[in-house]
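Throughout, read-outs are computed from the coordinates displayed, never taken from laboratory work. All values derive from a computational prediction rather than experimental measurement. Using ideal geometry, Cβ is built from the backbone for each residue, glycine included, and neighbour counts are taken over all protein chains shown.
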Amino acid sequence: MEYEALLVKRSDMEQTMREHLQMIEEQQWKKDEELMQMMAEQQRKKDEEHQKMMQEQQRNLVEQQERRMQLMAEQMREQLMEQIR
């Protein structure tokens, strides 16, 4: 009788341990998922910042090119004016 009671108690303890381990695993999965979401959000922000930086650099390059073209046009006009004189 006592042996059967011990077996039942042992079985209950094992079930409790399995449930506890499952709960711990679920909590770890949840933490991992939250961490991955945080990392994905950080990467998205970095990507957005990088894209903005690249767009700004592109705008700067276009502005520089436009200034160069204006300068060249002015120089050509001046040369033409000098040739006409």
Self-check item: Interatomic Cα distance distribution for region 1-59, bins of 10 angstrom, percent
Solution: 19, 20, 15, 14, 12, 9, 6, 3, 1
Quiz item: Once fully extended, how much extra length lies between Glu41 and Gln22, figured as 0.36 nm per residue of separation less the alpha-carbon to alpha-carbon distance?
Solution: 4.0 nm
Quiz item: How far is it, in nm, from the label point at Lys9 to the one at Gln55 when both lie 7 Å from their Cα along the line to the Cβ?
Solution: 7.0 nm
Quiz item: What ³J(HN,Hα) values, in whole Hz, does the Karplus curve 6.51 cos²θ - 1.76 cosθ + 1.60 give for region 41-46 when θ = phi - 60°, with x put for Gly and Pro?
Solution: 5, 4, 5, 4, 5, 4
Self-check item: For region 1-23 and region 63-85, distance of Cα centres in Å
Solution: 92 Å
Quiz prompt | Mean ellipticity per residue at 222 nm, deg cm²/dmol - from DSSP H runs of n ≥ 4 across the chain, formula -39500 (n - 2.57) | solution = -37500 deg cm²/dmol
